[in-house]
Each structure stands twice: as C-alpha cells, then as structure tokens.
1. Sort out which residues of the range 512-550 are buried (at least 19 other Cβ atoms within 10 Å of the Cβ) and more than 12 Å from ligand 1 (Cβ to nearest atom), and write them in order of number.
2. Return only the number of the condition from (1) within 16 Å of ligand 2 (Cβ to nearest atom); (2) charged (D, E, K, R); (3) part of a strand (DSSP E or B) that Glu302 does not satisfy.
3. Pairs needed: first member in the range 228-239, not assigned by TED's automatic domain parsing to the domain that holds Glu302; second member anywhere, among the β-branched types (Val, Ile, Thr); C-beta distance under 8 Å; at least 6 residues apart or different chains.
4. Filter the range 532-546 down to residues that are within 13 Å of ligand 2 (Cβ to nearest atom) and of a type in the set (Val, Ile, Thr), then give me how many there are.
5. Any residue at all in the range 195-210 that's at pLDDT 85 or above, of a type in the set (S, T, N, Q) and either open to solvent by 40 Å² or more (accessible area, probe 1.4 Å) or farther than 30 Å from Thr438 by Cβ (or both)?
6. What is the number of the single condition among (1) within 14 Å of ligand 1 (Cβ to nearest atom); (2) surrounded by fewer than 20 Cβ atoms within 10 Å (Cβ to Cβ) that Phe493 does not meet?
7. Among (1) more than 15 Å from Ile486 (Cα to Cα); (2) crowded, with 22+ Cβ neighbours inside 10 Å; (3) within 16 Å of ligand 2 (Cβ to nearest atom), which single condition is Ile589 missing?
8. Does the range 547-556 contain at least one residue that is farther than 28 Å from Val227 by Cβ, assigned by TED's automatic domain parsing to the domain that holds Gly463 and within 15 Å of ligand 2 (Cβ to nearest atom)?
Amino acid sequence: MRPNQTLILTEAVFWNCESYGILVLLLLSYSPRPFLLLGFLGVFGVFPMTACPGFRFYKISDSAGLGLRRIFFEQSQSQSQSKSQQCHPKSQSQQCHPKSQFRSQTRTTSYRISSFPLPHRWPRATHSDSEFSSSLCRLSHTSRLPAPTSARNFSSSSHCPQPQFSSIPSSTLASTLGSKMASTSEKPKHKVTVIGSGNWGSTIAKVVAQSTSEHPELFETDVQMWVYDEKIPITPGSSLYDRYGGATIPDGPVMLTEVINTFHENVKYLPGIELPHNVIANPNLVDAVQGATILIFNLPHEFIDKICKQIQGKTLPFARAISCIKGVTVDEHGIELISEYIEENVGIYCGALSGGNIASEIANEQWCDTTIAYNTPPCDLHQDTNGSSSNGNGSGVAYTHKNARGQPSKTKLVPVPAEYPTLDHDVFQKLFSRPYFTVNMVSDVVGVSLGGALKNIVAIACGFVEGHGWSNSGKTAVMRRGMQEIIKFANEFFPETVQEATWQESAGWGDMIVSCTAARNWKYSKMAVERGVSVQEIENTELNGQKLQGISTTRDVCSFLHARGLEGNYPLFMAVEGIVDGTVNVEDIPRLFRD
Ligand SMILES: NC(=O)c1ccc[n+]([C@@H]2O[C@H](COP(=O)([O-])OP(=O)(O)OC[C@H]3O[C@@H](n4cnc5c(N)ncnc54)[C@H](O)[C@@H]3O)[C@@H](O)[C@H]2O)c1
Ligand SMILES: O=P(O)(O)OC[C@H](O)CO
C-alpha cells in the first residue's frame with residue numbers, strides 16, 4: 001500500500017470517528033515501522049470505521065496503477081436528508097435543532113478526490129503526487145474536499161505552497177491533518193461560489209477572491225467559479241499556443257476550465273486579466289455550489305432557469321445569494337426579478353448587485369462604485385422580534401421574511417446558523433468592496449434590479465440614435481425619457497417597495513450613463529445601424545460568445561406590456577422593440593415620442 005492510500009484511509013476515519021482518527025494519526029506519526037502498522041490497521045482499522053454511525057460505503061480503487069486515483073466515501077444520504085425533511089420549522093426537538101440540521105447537511109456530502117484534469121505537459125507521476133498534495137492543502141484550509149480541478153492550480157496557490165507528496169514526512173502529514181482537527185473546533189466561515197464565468201462573472205470572481213484572502217476570519221479563502229465549459233482551440237500564434245510552448249502543445253483543443261486553472265486567466269471571456277489563484281474554476285455546477293453559504297449568480301439571464309433547476313435541493317438550505325444578473329423573467333403569471341426567481345426556485349434568500357460597471361474596467365482595477373440591495377432576513381440576525389436567540393437554541397425562529405414586493409414570502413428560510421459570521425450588510429460590504437470598487441449597501445432590491453435590467457433597453461435605443469448619426473444631445477433625450485419609463489414601470493408594478501432614492505445610486509443614473517456611452521448593448525446596437533444589419537447578427541459575429549441582454553429584455557418587457565395593453569405608456573420601450581423587429585425605423589423615434 002502506498003503511503004497516500006494510508007493517509008486517505010486515516011482521513012476517512014477522522015471524519016467519522018474523530019477520537020479513533022486521532023489515535024490512528026498518532027500511531028502513524030510515531031510508528032518506526034508504518035508498513036507493519038498499516039497491516040494492523042487494515043484488519044483492526046476498517047472494522048471500527050464501519051461501525052461508526054452513518055457509515056455506508058467506503059472504497060479505495062487503484063485502477064490506474066499510479067497510486068491512489070479515486071476514493072469514494074459516502075454516508076447515508078437518504079437517512080440524513082429525511083431527518084432534515086421531517087423537521088417542522090417550529091420543532092424544538094434536538095434532531096430538528098437548526099444546528100443539527102446543519103450537521104446532517106454537512107455530513108451528507110460525499111467526499112471525492114478524483115479526475116483532476118492533467119495538464120498536457122505534466123508527467124503523470126508528478127500529477128499523481130500533486131493531486132494528492134492538493135487534497136492535503138484543502139483539508140487544512142477548508143471543511144470539505146475540493147471539487148475536481150487542476151493539480152497545478154493548487155501547486156501554485158499562493159496560500160498553500162505544495163510540497164511533493166513523496167517528500168512529506170509523516171510528522172508533516174500528522175500536523176497537516178492536525179490542523180484540520182483543530183479547525184473543526186473553529187467557527188465555520190462563509191464559503192463563496194460564483195455561478196458564471198463570463199466577462200462580469202470572472203471579474204466578480206476576481207473581486208471576491210481578493211476579499212476572501214483579505215478576510216480569513218469571515219470567509220474560506222478559495223472561491224469556486226462555475227464555468228459553462230467549452231473547448232478552447234490552441235492555434236499557432238495565439239497567446240495560449242505560446243504559453244503551452246514547445247513540444248507540450250496539446251494536439252487538440254483544451255477545456256476552458258483547465259486553461260483557467262492552469263494559467264489563471266479566462267482567455268475567452270476576460271482575456272489579459274490574471275485571476276487570483278484562489279479562484280477555482282469548476283465545470284460541475286452541483287459540485288461548485290456544494291457547501292457554499294454565499295452564492296453569487298452572474299451569468300446571462302436567459303440561462304437562469306436551467307441553472308436553478310440544476311441546483312434545486314443541492315445547495316445548503318441556509319445559503320444566501322446575490323444576483324449580479326441584469327434582466328427579468330416574464331411568463332404567463334407576470335414579471336419577476338431574477339432575485340425573486342432564484343429565491344422561489346432555489347429556496348434561498350437573494351439580493352442584487354448592480355451599478356454602472358463595465359467589467360473590463362473593474363477587472364483592470366479602475367475605480368468605480370456599485371450598489372448592493374440586500375434585506376437581511378430577520379432570522380439571520382440571530383435575534384427574533386422579541387430579541388431572543390433565533391437559531392442558537394431553536395426557539396423563536398423566524399422562517400418567513402418579506403419578499404422584494406414587501407409580501408410574506410412563499411419561500412420559508414432556514415436561518416444561517418449562529419456559528420457563522422452574521423450574514424448582513426457588513427459581511428457583504430467586506431466581500432465585494434475593493435479599493436477600486438466602492439460598494440453602497442441599500443435595501444431596495446426592486447429598484448436595483450429594475451435599474452440594471454431596463455437600462456439595457458435604453459442603451460440599445462442610444463446605440464440606434466447614435467448609429468443613425470444623431471448627436472450626444474439626441475442621446476441625452478433618450479436617456480432622460482428612458483429613465484422616466486424605468487421609474488414609471490417600477491412604480492406601476494412594484495409600488496410596495498421601490499424607493500425613489502435608488503435612482504440616484506450607481507444602480508440608477510450611474511448605470512444609465514455608462515451603459516449609454518460605453519457598454520456593449522450601446523456599442524453593438526450602434527454598430528448594427530451603421531452596418532445596416534440586425535443586432536442579433538452583430539452579437540453572433542462580433543461578441544465571441546458574450547451576450548447582449550438588452551434584446552431579450554426588450555422582448556420580455558414589451559410582451560408583458562402588450563399583454564396589459566399598456567404600450568402607450570412606454571413609447572421608448574416600444575420603439576426599441578419595433579426597431580429590433582424591423583417594423584419601426586430609427587428615424588421614427590422623434591415622432592413616436594411626440595405621439
Ligand atoms: N460584462 C459587463 O460589463 C457586465 C457588467 C455588469 C453586469 N453584467 C451582467 O452580468 C451578467 C453576466 O454577464 P457576463 O458579461 O458575465 O456574461 P457574457 O456576456 O460574457 O456571457 C457569456 C457567458 O454565458 C455563458 N454561457 C453560454 N452558453 C451558456 C449556456 N447554455 N448555459 C450557461 N451559460 C452559458 C458563457 O460560458 C459565458 O460565461 C449579465 O446579466 C450582464 O448584463 C455584465
Ligand atoms: O456591456 P453591457 O451593455 O452588458 O452593460 C454592462 C453593464 O451593465 C454596465 O453597467
């Protein structure tokens with residue numbers, strides 16, 4: 001048995017029978033003859049493990065013949081889950097205590113070390129060793145084993161310099177696992193996952209990863225970033241070709257995830273920006289969200305439905321979310337903010353981040369500001385309305401909260417356990433603020449979300465006007481009227497909660513100004529008119545996979561208004577729809593305003 005197998009065996013024991021694990025560790029550390037000891041443990045070690053509560057399945061396979069390749073260790077999911085499902089929110093029983101729900105949640109996880117993408121130029125033996133040492137790194141820094149990722153990613157990680165496994169003395173192994181043991185008595189920290197890795201998704205991953213490194217008292221350092229994986233060609237003359245270099249150039253395309261984890265750059269969607277090494281690209285969405293207490297949704301809004309379906313029931317029940325998505329969803333029932341959609345479909349509270357933010361500028365650390373709307377659910381404040389503990393002892397738990405429209409939400413919340421740092425404005429401020437990114441926290445989720453979504457319609461109109469040859473003054477007229485329609489829309493359909501002050505925020509006028517002068521919806525609509533082609537055609541040919549949100553938002557919002565016969569109240573929105581559909585000409589815009 002190779003030493004790495006020994007260690008994993010030990011780790012499994014540790015997770016389930018902590019006292020027994022400690023004993024094994026001590027024996028391994030001090031034994032002068034570890035191989036004899038291993039034989040002993042093989043007989044007397046596995047049996048006590050199987051007797052541990054919850055233990056169901058344990059297997060080591062070495063099919064590749066390269067030392068340990070895979071370990072599967074799972075506990076009874078159905079058993080633990082049914083326990084938490086049985087819990088009535090008001091139950092006082094020990095089993096239904098919020099803390100016990102949390103424990104059962106963490107223990108239903110399956111731990112896996114497997115299938116690390118192997119950078120093409122790495123000798124396989126090195127990969128095996130690095131793979132193992134990367135798991136050591138994670139064990140000492142987090143409460144969970146890592147998602148599959150590149151070994152190189154870990155080996156170059158600034159917070160965890162990686163020794164080669166073969167050179168790790170047993171005392172080091174013991175102390176590494178020892179720090180894991182110590183960490184079990186530490187307070188848990190928030191684990192952050194970014195869902196999406198486009199232009200803005202990658203930028204926000206950079207922002208929050210810098211912050212998690214800076215605030216280890218609040219956050220786990222590593223930030224998972226879910227990547228919609230795709231093949232990246234390595235063509236002669238490309239920067240990737242040069243970076244792989246020489247004889248190690250892969251024969252075919254490589255996956256984007258591997259490129260990000262190897263070179264710490266999203267070469268497709270955020271080229272030229274080095275991502276912090278604690279951004280971990282992960283192509284497996286369910287794996288990426290597992291164990292995360294903070295989910296940051298950041299992808300084009302048209303994919304949100306599919307994403308929510310995939311992670312339903314897979315997130316921690318007390319996870320919280322921030323949506324950076326600019327868009328809305330419309331169906332036969334009406335219009336929904338993306339944050340509302342996430343809340344209803346994933347079952348967790350969701351706030352919104354929006355502002356006058358061009359991703360490439362923030363990624364280059366050029367200063368700007370933004371707005372985050374978050375109404376901290378009362379049950380997360382660790383006090384109920386009478387001032388008693390809400391989730392420290394299971395009494396007085398507040399499971400309902402007011403949704404974005406000020407109504408009692410259909411989604412019942414599981415409070416963030418009291419062991420975690422309280423997830424309030426202060427924590428989100430620390431997570432998203434950088435010296436180059438000023439965050440203003442507010443509570444108006446409606447205003448922040450609608451400002452971000454609807455300004456894209458206005459930005460397209462500005463692109464049309466400018467592409468037609470009209471001047472800045474004409475564009476200003478469109479921006480002013482556009483803002484009037486946004487405010488009217490918010491007041492008409494979300495009157496309960498929208499706040500006038502939000503329009504003065506970065507998420508209000510700030511976003512309007514930058515979107516109509518520098519952002520993609522403006523730029524490519526202008527190009528479409530100048531070239532005499534449709535905006536969709538420009539999106540297909542010029543954006544290299546990036547998405548314009550304005551066209552689909554125009555269609556969604558206008559269909560919602562058509563269904564209510566309200567076209568006359570929103571002439572600018574309607575004009576944009578008409579131009580996109582080819583039923584209205586750009587030169588008709590002034591007449592449409594007069595009518
Ligand atoms: N880019 C910006 O400057 C900026 C700034 C602020 C807000 N936003 C908003 O952020 C959100 C995300 O925008 P972005 O710029 O990061 O994205 P982007 O325009 O770069 O979009 C491409 C992303 O979509 C993903 N994708 C493609 N097909 C997919 C599929 N079938 N399923 C799931 N994902 C798929 C791609 O992998 C890629 O990550 C949008 O709502 C946008 O309005 C963007
Ligand atoms: O590039 P756009 O048009 O998607 O807009 C980017 C941001 O929303 C501007 O704040």
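1. Once the filter is applied, which keeps residues that are buried (at least 19 other Cβ atoms within 10 Å of the Cβ) and more than 12 Å from ligand 1 (Cβ to nearest atom), the range 512-550 yields Met512, Cys516, Ser525, Lys526, Ala528, Val529, Val535, Ile538.
2. All conditions pass for Glu302, except number (3).
3. Taking only residues 6 or more apart or on different chains, not a single pair turns up.
4. Filtering the range 532-546 for residues within 13 Å of ligand 2 (Cβ to nearest atom) gives 535, 538-539, 542-543, 546.
Subsequent filtering for residues that are of a type in the set (Val, Ile, Thr) retains 535, 538.
Adding up the residues that qualify gives 2.
5. Here is the first cut: in the range 195-210, the ones at pLDDT 85 or above are 195-210.
Subsequent filtering for residues that are of a type in the set (S, T, N, Q) retains 197, 199, 202-203, 210.
Checking the rest, the ones that are also either open to solvent by 40 Å² or more (accessible area, probe 1.4 Å) or farther than 30 Å from Thr438 by Cβ (or both) come to 210.
Taking every residue of the range 195-210 in turn, at least one turns out to be at pLDDT 85 or above, of a type in the set (S, T, N, Q) and either open to solvent by 40 Å² or more (accessible area, probe 1.4 Å) or farther than 30 Å from Thr438 by Cβ (or both).
6. (1)
7. With respect to (1) more than 15 Å from Ile486 (Cα to Cα); (2) crowded, with 22+ Cβ neighbours inside 10 Å; (3) within 16 Å of ligand 2 (Cβ to nearest atom), Ile589 is out only on (3).
8. Checking the range 547-556: at least one residue is farther than 28 Å from Val227 by Cβ, assigned by TED's automatic domain parsing to the domain that holds Gly463 and within 15 Å of ligand 2 (Cβ to nearest atom).
The values are calculated or read from the model by the stated rules, or taken from the named source; none is laboratory data. All values derive from a computational prediction rather than experimental measurement. Ideal geometry is used to build each Cβ from the backbone, glycine not excepted, and the neighbour counts take in all protein chains shown. Side chains are part of the model used for accessible areas, which takes the heavy atoms of the whole protein and leaves out ligands, DNA and RNA. Shrake-Rupley method; radii C 1.70, N 1.55, O 1.52, S 1.80 Å.
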